[in-house]
Amino acid sequence: MVGPKEDDGAIVALLERFRTRRLPRALDIKKKVDQGHRLDDNDIAFLDRVFADAKQVTPLLDKHPEYQDLAAQAIHLYQEITKQALENEKNG
């Protein structure tokens, strides 16, 4: 069984990917939907990847509760994006 110490490399890689790629892209999409725009195919594909990856990361978060607040904040951001995107679709 892989323990917390053995997870360090995966955690570092996930945090780096979030900081350099996922968060900036999510913030760009959030700004877009907040301005009333609809999601395009690339935005939807990005969100699909994020949600699929989240399912795979859940066991790691269960073993490392110190990262659960960060994960919850990220999930909240993605929920805000999808909620506003749905609203934009209804209005648009």
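A short reminder: the numbers here are calculations on the coordinates, not readings from a lab. Please read all numbers here as calculations on a predicted model, not as lab measurements. Glycine gets a Cβ as well: all are built from the backbone with ideal geometry, and neighbour counts include every protein chain shown.
Quick notes on this one:
- Estimated inter-spin distance, Asp62 and Asp8, nm [label 7 Å along Cα→Cβ]: 2.4
- Relative contact order for the chain, counting Cα pairs under 8 Å that sit 6 or more residues apart, in percent: 46
- Three-way shape call for the chain based on the alpha-carbon gyration tensor, with the a/c threshold at 1.5: prolate
- For the chain, a simple Cβ point-charge model (Lys and Arg +1, Asp and Glu -1, everything else neutral) yields a dipole of about 200 debye relative to the Cα centre.
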